[in-house]
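Enquirer: If you scroll down you'll find the structure; I have some questions about it.
Since every read-out is calculated from the coordinates, none of them should be taken as a lab result. This is a predicted model, so every value here is computed, not measured. Virtual Cβ from ideal backbone geometry, glycine too; neighbours counted across all protein chains shown.
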Amino acid sequence: MADHHFGGIKIRHLYKIFGPNPKPYVEAVQKGLSKTELNEKHGHVLGLSDINIEIPSGCIQVIMGLSGSGKSTLIRHINRLIDPTAGEVLVDGVDVVKMDEAELRAFRRHQTAMVFQKFALLPHRNVLDNTMFGLEVQGLDREKRVDTAMRWLDRVGLKGFEKKYPNQLSGGMQQRVGLARALSNDAPVLLMDEAYSALDPLIRMDMQSVLLDLQKEIKKTIVFITHDLDEALRLGDQIAILRDGQVIQQGTSQEIVLKPADEYVANFVREVNRGRVVHVDAVMSPHQSGAYHGGKSIPAGTTIEEAMRVLVSGSDEDVFIVGKTGEPVGTVNLRQLTRAMVNSHEELQARPALAGVL
Amino acid sequence: MEWFYKFPHMDDDALRGLKKAIDEGFRAFTRSYGDLIENLFSPLQSFLIAADRFMTQTPWPVIILIIVAIAWFASRSAKVVLGCLVTLLLIGYFDMWDDTMRTVSMIFVCTVLSIAIGIPIGILMARSDRVQKIVSPILDVMQTMPSFVYLIPVVMLLGIGKVPGLIAVVIYAIPPMIRLTDLGIRLVDKDVLEAADAFGTSASQKLFKVQLPLALPTIMAGINQTIMMALAMVVVASMIGVQGLGQPVLKAIANQYFTLGMFNGLAIVGIAIIFDRVSQAYGQRLQKHREIVHG
C-alpha cells in the first residue's frame, strides 16, 4: 500500500429507498417527492436522499444525526452491507456499487474494517483470536496473524488480556478489542458505527483520545458515526449532519458551530462548549502593521479555551496571534475571547423561536 | 337423517380396494427394490456390528475406564464421574452388562448417524425459509406418528434385524437434532453476522467460524434430546430384533416378569442419566464464555 496513495471516498447522488419495489420511486424522489408522501402514498420509506460527501484520504469524517436520520444506513453503504437504490460510492476510485460478490469480498477484506456499536465480538473466541479474525478471513498464516494482532492489542492498551474472553471484559475494553480487530486488518478505510455510543462518558472520552492518538500515526480514512455533537466536534476533521436521510450541513467543527445552516443545527450547537471548538482566528482583530513587538504570542489555530488559559495567567494586554512562519496575523484580548464564548446566548435571545425552547 | 348421526364414510369396498392397492403397490416395490436397498444399507450393518463387537468383547474394566474418562473430559465434575461409575458397577453386578453394552453401542451408532444426517439438514433449513417450510411438517409427522407404525414399512423393506431397528430409531430420534441445529443457527446474533460480513467472510467461513460455533450449545441440546429419544425407542425397536436391554423388557411384558422388567427398565434409566448428565455438562462448559458478565 505504501507505493499507492489511497484516493479517499466519494459518495455521489446516493439514494436508498426501503420497500418491496424501490427502483421506480427514485425519479419521483429526485423530482421532489417528500419522505412523508412516499410513505403514505406508496408505502416505501426514504432512507437516504441525494447524499454527496467527499472524504479525502487520511481524514476523519464524522456523520452526525439523531436516531432515524439514516446515519447507520449511510455507513453501511460504504462497504455495501446495504445495497443502494441509486448512486455511486467510490472508494479509492472504484465504485463499490458495481462490484460482484468476489470483488466485494476482497474489498471488504482488504480495503475496509469496521467497528460496531454493540462490539460484535465472537463470544467463543478469546481476545487474541477475536483480534485475528479479519486476518484469518484474509487467509494469513497464524504466525503473522498473532504478530499483527499482538501489536495492535498492545497499542490499544490490552496487553496481558489476550487470553481473556469478551464476557470477562468491560464495555470499554471490549470496544478496544473491536478497534484492535479493525486496525489489524490494516485497511485504508476505518468505519466506526456509533462505536462509542454504548460506552459511559468517561470511557468514551478516553476512547476518543485513543483514536485521535492513533490517527496521528495511522492516517486512515475514518468514517465515524455518532449522535453526540461533542464527540463529532472533537473527532471530526469534517462533519456532515444528517436529518431525515438528507445532509443538511457539511463542514469543519468551526463552520458548524459558527454558521449553523438552519435552526435544527443551531439547536444542536447551542449547548456546545464553543471554547473548545472555535479558533482564535475567528475572533481576533486583524493585525495592524508595525505594532508587533515579539512578546507573548499564540499560534493561529489555537482554540479559544487554550488561548484564555494563556491570557488569564498573563497580563491584561492584547496578545499577538502568529501564523505558521511566526509572522503576526492579529491580536486578541480576554474581552474578545469571553465575548465569543457567551455570544451564543445573546444570539439565542435574538431568536424568539429558539428562546421559547429554552 | 341417518347421515347426521353416522358419519357418511367412503364406500366399504372402495376403501378396502384403496388399502389393498397401496399395500400391493408397496409390496411390489419391496420385491423389486428390497435387495438393492438392503445392499445400500450394508455399510451401516458393518458399522453396527463393529460397534457391537467392540462394546461386548472389550473387557468390562476397559469399557468402564473409557466411559469414565469421557465423562471426566466432558464434564470435569467428580460428581458426574462418580455417578457414572456407580451406575455402571450396579448394572454389571445385576448381570445386565452384555445387554447394556449392546444398547449403548446401538445408541452410539444412532447418535452418530443422527448427527451426520441431522446437522446438514439443519444447516440447510437455517439457510432457506423454503426448506424450513418443507422440512418442518415432515419432522412433525416423524415425531407424532406412533413409532410402531413406521416399523411396518421398514420391516417390509429390510426384514427383521439391526439395520431396520437402527432406521426406526433414527427416524424417531433425529427431529430434535435437525430442529435445534436450525434454531441454533437462526438465533446467532445479527450483529455478529454483520461483523462477519463486514470483514469479508465467504459463506463457508461464516458457517464454520461464526454460525456453527455460536450455535453449538443449542446443537448440543439437540444431541442430548436425540440420545434420550433413541433410548426411549430401544424397547420398541427390540420388537424387530434389536438386541439389548429392550429384549428382556419385551420378554417381561409378555410373561409378566415384574422384576425382570423393572431391573432392565432401571438399567435403561441409568444409562439415560449418564448420557444426559455428561452431554449436558459438556454443553454447559461450552456456554461458559457466552453469558454476559458485564453490562
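Enquirer: Given an 8 Å cut-off on Cα distances and at least 6 residues of separation, report the relative contact order of chain A as a percent.
Expert: On the way: 622 pairs, mean separation 59.3, N = 358.
Averaging sequence separation for qualifying contacts and normalising by length gives 17 percent for chain A.
Enquirer: Tell me what the protein assembly as shown gives for mean residue ellipticity at 222 nm when only DSSP H runs of n ≥ 4 count, each as -39,500 (n - 2.57), the sum divided by the residue total, rounded to 500 deg cm²/dmol.
Expert: Computed mean residue ellipticity for the protein assembly as shown: -19000 deg cm²/dmol.
Enquirer: Hey, any idea what Rg/Rh is for segment B:1-40, computing Rh the Kirkwood way over Cα pairs? Intermediate values should be presented prior to the final figure.
Expert: Working: Rg = 17.6 Å, Rh = 12.7 Å.
Here Rg/Rh amounts to 1.39.
Enquirer: Shifting gears a bit: Report the semi-axes of the equivalent ellipsoid for segment B:241-294 in whole Å, largest first, where each axis is √(5λ) for an eigenvalue λ of the Cα gyration tensor. Write down the numbers at each step before the final one.
Expert: Numbers: eigenvalues 302, 20, 8 Å².
So the three semi-axes of segment B:241-294 are 39, 10, 6 Å.
Enquirer: Starting from a Cα-only point model with no solvent, please compute log10 I(q)/I(0) by Debye for segment B:150-295 at q = 0.20 1/Å.
Expert: The calculated log intensity ratios at q = 0.20 Å⁻¹ are -1.15.
Enquirer: Quick one: dipole size for chain A, taken about the Cα centre, charges +1 on Lys/Arg Cβ and -1 on Asp/Glu Cβ, in debye to the nearest 20. Before the final figure, lay out each step's value.
Expert: Details: 42 positive and 45 negative charges, 140 e Å.
In debye, rounded to 20, chain A gives about 680.
Enquirer: Another question, then. Take chain B, connect every pair of alpha-carbon atoms lying under 10 Å apart with a spring to form a Gaussian network, then pick out the residue of B:89, B:18, B:166 with the largest mean-square fluctuation.
Expert: B:18
Enquirer: Can I ask one more? Write out the chymotrypsin sites (Phe, Trp or Tyr not before Pro) in segment A:111-156 meeting two conditions: DSSP loop, and at most 15 other Cβ atoms within 10 Å of their Cβ.
Expert: Working: sites: A:116, A:119, A:133, A:152; in loops: A:116, A:119.
Here no loop site has a sparse enough neighbourhood.
Enquirer: Relative contact order for segment A:1-127: what is it in percent, counting Cα pairs under 8 Å that are at least 6 residues apart? Present the calculation step by step, with values, prior to reporting the outcome.
Expert: On the way: 151 pairs, mean separation 41.6, N = 127.
Relative contact order, segment A:1-127: 33 percent.
Enquirer: Moving to a separate point now. Within segment A:15-86, which trypsin sites (Lys or Arg not before Pro) sit in a loop by DSSP and count at most 13 neighbouring Cβ atoms inside 10 Å? Intermediate results must be reported in sequence, preceding the final value.
Expert: Working: sites: A:16, A:31, A:35, A:41, A:71, A:76, A:80; in loops: A:31, A:80.
Answer by residue number: A:31.
Enquirer: Once you sort the root eigenvalues of the Cα gyration tensor of segment B:45-294 as a ≥ b ≥ c, which label holds: rounded (a/c under 1.5), prolate (a/b larger than b/c) or oblate (the other case)?
Expert: Since a/c reaches 1.5 but b/c is at least a/b, the shape of segment B:45-294 is classed as oblate.
Enquirer: Give the average, rounded to an integer, of partner chain Cβ atoms located within 10 angstrom of each Cβ in A:114-124.
Expert: Working: counts 5, 2, 5, 1, 6, 3, 9, 3, 9, 10, 11.
The mean count of partner-chain Cβ atoms within 10 Å per residue comes to 6.
Enquirer: Follow-up. Can you give me the long-range amide H partners of residue A:248? Hydrogens built in the peptide plane at 1.01 Å from N, cutoff under 5 Å, separation of 5 or more residues or another chain.
Expert: Hits under the 5 Å cutoff: A:241, A:242, A:243.
Enquirer: Stick to Cα atoms and the Kirkwood definition of Rh, then tell me Rg/Rh for chain A. Don't skip to the answer; put the middle values down first.
Expert: Details: Rg = 23.1 Å, Rh = 22.7 Å.
For chain A, the value is 1.02.
Enquirer: Give, in nm to one decimal, the length gained when the segment between residue B:16 and residue B:46 is fully stretched (0.36 nm per residue of separation minus the Cα-Cα distance). List each step's numbers first, then the result.
Expert: Values: separation 30, 0.36 × 30 = 10.80 nm, distance 4.07 nm.
Roughly 6.7 nm would be gained on extension.
Enquirer: Would you please name the trypsin sites (Lys or Arg not before Pro) within segment A:197-233 that are DSSP coil residues with at most 15 other C-beta atoms within 10 Å of their C-beta?
Expert: Values: sites: A:204, A:216, A:219, A:220; in loops: A:219, A:220.
Qualifying residues, ordered by number: A:219.
Enquirer: While we're on this one: Just the ratio, please: alpha-carbon radius of gyration of segment A:216-324 over 2.2 N^0.38 Å, N its number of residues.
Expert: Values: Rg = 16.8 Å, N = 109, 2.2 N^0.38 = 13.1 Å.
This ratio for segment A:216-324 stands at 1.29.
Enquirer: Which is the longest part of chain B that has none of the trypsin sites (Lys or Arg not before Pro) sitting in a DSSP loop with at most 14 other Cβ atoms within 10 Å?
Expert: In chain B, the maximal stretch lacking such sites is B:77-287.
Enquirer: Mind telling me which of A:178, A:32, A:87 comes out most flexible in a GNM of chain A, alpha-carbon contacts under 10 Å?
Expert: A:32
Enquirer: Which of the DSSP-defined H helices in chain B satisfy a minimum axial length of 20 Å, computed from C-alpha atoms, and a minimum mean Kyte-Doolittle hydropathy of 1.6? Can you show the working numbers first?
Expert: On the way: long enough: B:12-40 (40 Å, -0.50); B:42-57 (22 Å, 0.27); B:60-75 (22 Å, 2.42); B:78-93 (22 Å, 2.11); B:97-127 (44 Å, 1.25); B:129-144 (23 Å, 0.11); B:162-186 (35 Å, 1.12); B:212-238 (37 Å, 1.67); B:258-287 (43 Å, 0.75).
Qualifying helices, which must be both long enough and hydrophobic enough, are B:60-75, B:78-93, B:212-238.
Enquirer: Beyond 31 Å, what share of the Cα-Cα pairs of the protein assembly as shown remains, rounded to the nearest whole percent? Could you put the intermediate results ahead of the total?
Expert: Details: 143433 of 212878 pairs.
For the protein assembly as shown, the share of Cα pairs beyond 31 Å comes to 67 percent.
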